[in-house]
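> Could you have a look at this structure, given as structure tokens, before my questions?
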Amino acid sequence: MRILLLFTVLLSLPALAQNTLSWQEGMDSPKASLQNVAWISGHWKGEAFGGIAEEIWSPPLGGSMMFSFKLVVDGNVNFYELGHITEIDGTLWLQLKHFDGDLTGWEEKEDTVDFKLVKIEPNKVFFDDFTIERISDKEINMYVVIGNEDGSLEEVQFNYKRQ
């Protein structure tokens, strides 16, 4: 299951991705600040992977927006993520780490899963194969390209409601 849920950084998925964009070598990230994505802050909950997914995003503070993610399946924590969107050199960068339900880390101690900013719109932010879309003040969608155990790739949608 770990491989199924591990977000992958991919070069190009034009036929697969309907709501995500991929970082291409030689691209420059657009100028952006945390104020462009402050609408993400809040407590969000939805269904995913046969369970309940919960995300909590802090408002911008100290040059970042911190988040935590939890997936609960059959009453047990399947995995966590901890991460942030941070401002670096006039643009945004999303970084995260994964943890099992017992807080055993998936990535090596010094490693993170990183997503460069590809494009930004007033109600949508496109990181590399990871998109966050504001539907309303009470609803957001997240789209992420994941790798399956068989090596295939798919774009998965998470629909969240504000709690």
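> Return yes when residue 27 is loosely packed, with under 15 Cβ neighbours inside 10 Å and either at negative phi or modelled with pLDDT of 95 or more (or both) and no when it is not.
yes
> Based on this model, can you work out whether residue 47 counts as of a type outside the set (A, V, I, L, M), modelled with pLDDT of 95 or more, part of a strand (DSSP E or B) and over 14 Å from the mean Cα position of the chain (by Cα)? Give the steps one after another, and end with the answer.
Numbers: of a type outside the set (A, V, I, L, M): yes; modelled with pLDDT of 95 or more: yes; part of a strand (DSSP E or B): yes; over 14 Å from the mean Cα position of the chain (by Cα): yes.
The answer is yes for residue 47.
> Counting only residues that are part of a strand (DSSP E or B) and under 12 Å from the mean Cα position of the chain (by Cα), how many does region 115-139 have?
Adding up the residues that qualify gives 11.
Here's the yes/no breakdown for (1) touching a Gly at 6+ places or on another chain (Cβ under 9 Å); (2) at pLDDT below 95:
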| site | (1), (2) |
| --- | --- |
| 92 | no, no |
| 95 | yes, no |
| 103 | no, no |
| 110 | no, no |
| 123 | no, no |
| 152 | no, yes |
| 162 | yes, no |
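> List the residue pairs whose Cβ atoms are under 6 Å apart, where the first residue sits in region 92-117 and is under 21 Å from residue 57 (Cβ atoms), the second is charged (D, E, K, R) and surrounded by fewer than 16 Cβ atoms within 10 Å (Cβ to Cβ), and the two are 6 or more positions apart or on different chains.
95/114; 97/107
The values are calculated or read from the model by the stated rules, or taken from the named source; none is laboratory data. Everything numeric here is computed off the predicted structure, so don't read it as measured data. Cβ coordinates were reconstructed from backbone atoms using ideal geometry, including for glycine residues, and neighbour counts include every protein chain displayed.
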